[in-house]
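Student: Take this structure, written in structure tokens, and hold onto it; I'll ask about it next.
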Amino acid sequence: MTDTNSSSSAETSGQSSSIVESTKKGRHFHRLHDDYPSILFYAREMKSLAEEICACSQYLVNLGEIEWKSFPDTWPNIFIKYSEIIRNSHVLYLASLHNPLTIFEQISLLYHLPKYQCISLKVLLPYFPTGTMERIQIQGEIATAYSLAVMLSSIPLTRTGPTEIVILDIHALQNQFYFSSNVVVRLESTIGLLLHELNQKHKSNKNSDKYAIAFPDDGAHKRYSHMFNTCSDMKYEQIVCSKVRLDDKRKTTLKEGNPKGYHVIIVDDLVQSGGTLLECAKTLKENGAIKVSAYVTHGIFPNDSWKKFLYDNDENDMKLDTFYVTNTYPNTEVLIDKPPFKVLSIAGLLCKQEKKIVAERRKEIRDSKDKRQTISYWKMSLNIKAALLLLTRPLSSDLNRSVPSLLLTVKPHVQSRLLIYLNPMKSLTQQQHEQLKPIQLTKNDRLSIRDFTTSVYSALTCFDHDLSVDVLLQNFDGEQITLPDYCQAVFTDSQQSVQLIKEFCTKQFGQKLEENFILKYLTELTAATSIEAKDHFTVSQTESDLLKENFTFDNGVLGGTFDHLHNGHKLLLSDSALLCDKKLVIGVTDGAMIQNKGTELIEPVSVRMEHVRSFINDIRPMLNVHCEPITDPYGPSITMPDLDCIIVTEETKDGAIQVNEKRNNNGLSQLAVHIVPILPSDKNKNNDDDVKISSTSLRRQLLGRLLKPVKKQSQSNSPYILGLTGGMGAGKTSIANRLEKLGAGIVDCDKLGHETYQVNTDAYKKIIEVFGDDILSTEDKTINRKLLGRKVFEKPNELKKLTDIVWPEILILANKKIEQLYNQGKRVIILDAAVLLEAKWDSVVNEIWVAVIPPKEAIRRICERDHLSNDDAQRRLSNQMTNAERVNEANVVLCTYWETYITQNQVQLAWNLLMERI
């Protein structure tokens, strides 16, 4: 456990309320005294939920940062960033003790947090994992619920007393008595989430179903039945199921209530395999239930057992109408958008009480004049999510030159989004002495604004910071400004009083500012930070700059891929929004236009169009935006008669000439051409030798990185299995070899496939039985793969018969090989399988890694390797899953299209990140 500020945090609470900032190894440190923020730390698997809680609290609760790493011997290496903020703070910790491996590192953290002198500590433990092992029934059993309770009870006392532990829907209420008096346990329920859902259904539809509540056993009935009588305005019929023994079998029957005519919702605290729940649902249906749904707090679903409930599962003969689960368990994210599942968030439930407590504490501080400055400082020390930069100095080249310094001054205090609003006074004298008032920009200001936006986006290419910056253009249209995001702070260069600036901001920006937003002068921040601005890129002038010639138009057209919207796109769209006053027509490439761009990682065209529309609407909402997919270089630019200009870049300016030729042929007016400069890339951050910012580079940066949560979490007593797959020619074997050199064990399923065909194996006998003995070699009675291939080639039914025999046998051999490698000391094992997804072997892996290659390159490689014609290679490739289908299932994507050193860098990055995960 490491601390960023050990000896220097030894100041006493008797000192004046201020923040002492110091710099150590490039970090900024802040020490707090008589202010009392709430800080939420979280387990790495709970990041999304933590961010949601923070947002739900309207940022009354701030996120802390922890680096979870491991030493080479796999022991935890935990680092609390800015640990000095814990002193004099109320600390919350969002835990996830979902597997034994994570318990030790989180217990270690919890034992240390009180030692940093936090005022209080509250542990939010949505799921108590050993709750089902709470008692001993047979001599020799271990009640692990007791063991975990003892560990949690050993958390040291804070300055104000015991740690509070909040648990949701614990399986056995008596577990609370396993905890000692050293901690305070608070048991809560999520049933209110279900009641809210039902109330919403009643309000939205007067003729909605009649609902009844069913419990799968007496235990659930005792736990929850009273909540549906006392916590809801609605009265629900209640049904109790039970299991009875009939003819040596246990059968689910109705014990109480009648489901006939009702939409019945089965309620329980957790689900594992789901067998009991399905039996209960079938019984309810058999007894007249119109529909059956389910609600469980904790969706554990080991071994992907959730798949049995999916609508598209042919083996599922009991389809639930809706299956409600909450996000108490990390793997629940996989259920989102998979009918019948509906994931209900517990964020509001967890932050509700804390929000009230924090609001009361902040009111006390706000009412005390001598503490107002302190509350602003501690909020800034933890960063804010979105802020507004209000600039009032005159538009000039001096302002543009100061852009890097302005951004470097503000960005350490903003987590994700900075909105820039220009309200330029005519002179510095006016800025100092005249009352701040809204300035409406004119046509003559457009060139200056464009130069400013160019300075902003070119400067951002130098910064290693994931900060989204938008320059608002709304004051061209003379309306009250609607901020596109909720801002907690305003930074400004204005020299007027705090009161006048706050009055201006409140009047001008309406409801999108926090009621008690932070206001900071840039001069204060500049003095508090010791960062020097570095030169930003020089953007070359273009040969056709219509803004420089003071032209404006009603309607313009432009096009592009707009994938992973970046600063180059923002500059292009901002120029377009400055040039046109009524409508922008934007073609977003799709289909044949993106085939050579590595389409697997390109965002769907609907998403890209929405991002474009959203950006224009944010910066200048008065503009009408028409977006449509285009599959040729022209799109609507050659058919719409009311267009006035076309906006292109230096790269695409020749396309504007072709558009005007097409328009001339179609009898349409010629378009004025405006060329937007290209933003050069930062060579320090770009490994692809691109000379400009590009979506291609951004997509390449995704290679080797985790694209979505893993299928199964790491377990300390079992191997971590990576399913590696890819199409023909994709370089899967090359990647497997590189991973083997890094320490992974390899299970080659292609070789195992050959073993299944060996004489006298089970698969050998079944194949002969199905396909006849005429496929055998006359000499040694081995299966002639070519003869067998003729019987199944282009015959899907026959091929399925073969794979139904061979694939299960390969998996049996693979599992034996995995066990053998694990016993030899291999922690990570690669299941190298071309048909990993088709054979559904992904059910046994922790992650899916997919190798992809553009189809044209794959065909070239296949022809070269197998000496096939282009048509034969194309035919083989078309019989496989597409790259897009595989990537849709992938946790990690790798591509061997470029030089070998790039492939090696991808694999090394993927391996390093994997080591951090496990």
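The values are calculated or read from the model by the stated rules, or taken from the named source; none is laboratory data. The model shown is predicted, which means the values in this text are computed figures rather than measured ones. Ideal geometry is used to build each Cβ from the backbone, glycine not excepted, and the neighbour counts take in all protein chains shown. Remember, those area values only see protein heavy atoms, side chains included, never the ligands or the DNA or RNA. Shrake-Rupley method; radii C 1.70, N 1.55, O 1.52, S 1.80 Å.
Student: State, to one decimal in nm, how far the label point of GLU819 lies from the label point of ASP642, with both points 7 Å from Cα in the Cβ direction.
Tutor: 7.2 nm
Student: Same structure, new question: Can you compute the FRET efficiency between THR442 and ASP545 using 1/(1 + (r/R0)^6), with r the Cβ-Cβ distance and R0 = 25 Å? Round to the nearest 0.05.
Tutor: In this case the efficiency is close to 0.85.
Student: Can you give me the long-range amide H partners of VAL414? Hydrogens built in the peptide plane at 1.01 Å from N, cutoff under 5 Å, separation of 5 or more residues or another chain.
Tutor: Residues meeting the amide H criterion: ILE384.
Student: Could you run the Karplus curve 6.51 cos²θ - 1.76 cosθ + 1.60 with θ = phi - 60° over the stretch 707-720 and give me ³J(HN,Hα) per residue in whole Hz, x for Gly and Pro?
Tutor: 8, 7, x, 5, 6, 9, 6, 5, 10, 5, 10, 8, x, 9
Student: A further question follows. Of all the accessible heavy-atom surface of the stretch 553-676, with the other protein chains kept in place and a 1.4 Å probe, what percent is carbon and sulfur?
Tutor: Whole-percent figure for carbon plus sulfur exposure: 49.
Student: Another question, if that's okay. For the stretch 94-163, what does the alpha-carbon gyration tensor say about shape, rounded, prolate or oblate, given a ≥ b ≥ c as the root eigenvalues, a/c under 1.5 as rounded, and a/b over b/c as prolate? Walk me through the intermediate numbers first.
Tutor: Working: a/c = 2.59, a/b = 2.08, b/c = 1.25.
It comes out prolate by the Cα gyration axes.
Student: Apply 1/(1 + (r/R0)^6) to the Cβ-Cβ distance of SER225 and SER305, taking R0 = 22 Å, and write down the FRET efficiency to the nearest 0.05.
Tutor: Details: r = 27 Å, r/R0 = 1.23.
My answer for the efficiency is 0.25.
Student: Right, another one. With the other protein chains left in place, how much accessible area per residue, in square angstrom, belongs to the stretch 553-676 at a 1.4 angstrom probe? All intermediate terms of the calculation are to be shown ahead of the outcome.
Tutor: On the way: 4860 Å² over 124 residues.
Heavy-atom SASA per residue in the stretch 553-676 reads 39 Å².
Student: Given Cβ point charges of +1 (Lys, Arg) and -1 (Asp, Glu) and nothing else, what value in debye, to the nearest 20, does the dipole of the stretch 809-918 about its Cα centre take? Could the numbers behind the result be given before it?
Tutor: Numbers: 13 positive and 15 negative charges, 37 e Å.
The calculation lands at about 180 debye.
Student: Figure the gain on full extension for ILE657 and ASN313 (residue separation times 0.36 nm, minus the Cα-Cα span) and round it to one decimal in nm.
Tutor: Working: separation 344, 0.36 × 344 = 123.84 nm, distance 5.37 nm.
Gain on stretching ILE657 to ASN313: 118.5 nm.
Student: Let me ask something else. Taking 0.36 nm per residue of sequence separation and subtracting the Cα-Cα distance, how much length would be gained by fully extending the chain between GLU889 and ARG705, in nm to one decimal?
Tutor: Values: separation 184, 0.36 × 184 = 66.24 nm, distance 1.42 nm.
Answer, rounded to one decimal: 64.8 nm.
Student: How high is the FRET efficiency from SER869 to ASN905, r the C-beta distance, R0 45 Å, rounded to 0.05? Working shown, then result.
Tutor: On the way: r = 35 Å, r/R0 = 0.77.
Efficiency, from the Cβ-Cβ distance: 0.85.
Student: Let me know the shape class of the stretch 190-344, please: from the alpha-carbon gyration tensor, a ≥ b ≥ c as square roots of the eigenvalues, rounded when a/c is under 1.5, otherwise prolate if a/b is greater than b/c, or oblate. Display every interim value, and only then the final one.
Tutor: Working: a/c = 1.40, a/b = 1.04, b/c = 1.35.
Rounded shape, in that the Cα axes give a/c under 1.5.
Student: Mind checking the full-extension length gain between LYS502 and LEU173? Use 0.36 nm per residue of separation minus the Cα-Cα distance, one decimal, nm.
Tutor: On the way: separation 329, 0.36 × 329 = 118.44 nm, distance 5.15 nm.
This chain segment gains 113.3 nm when fully extended.
Student: Averaged per residue, what accessible surface does the stretch 736-894 expose to a 1.4 Å probe, in Å²?
Tutor: On the way: 8750 Å² over 159 residues.
Dividing the accessible area of the stretch 736-894 by its residue count gives 55 Å².
Student: Another question, if that's okay. Checking the a/c ratio against 1.5 first, then a/b against b/c, what shape does the Cα gyration tensor give for the stretch 380-525?
Tutor: On the way: a/c = 1.37, a/b = 1.06, b/c = 1.28.
Since a/c stays below 1.5, the shape of the stretch 380-525 is classed as rounded.
Student: Could you check how much of the accessible area of the stretch 700-917 is carbon and sulfur, as a whole percent, using a 1.4 Å probe?
Tutor: Result for the stretch 700-917: 50 percent of the exposed heavy-atom area is carbon or sulfur.
Student: Using amide H atoms built in the peptide plane, which far-off residues or other-chain residues are under 5 Å from TYR295 H to H?
Tutor: Counting only residues 5 or more places away or on other chains, the set is ILE266, VAL267, ASP268, TYR324.
Student: Distance in nm between label sites at LEU101 and ASN912, each 7 Å beyond Cα in the beta-carbon direction?
Tutor: Placing both labels 7 Å along Cα→Cβ, they lie 2.0 nm apart.
Student: What part of the accessible area of the stretch 380-525, given as a whole %, is carbon or sulfur when the probe is 1.4 angstrom? Mind dumping the intermediate values first?
Tutor: Working: 2570 of 5700 Å².
Percent of accessible area from carbon and sulfur atoms in the stretch 380-525: 45.
Student: Additional query: Under a 1.4 Å probe, what is the accessible area of the stretch 190-344 per residue, stated in Å²?
Tutor: Values: 7590 Å² over 155 residues.
It amounts to 49 Å² per residue over the stretch 190-344.
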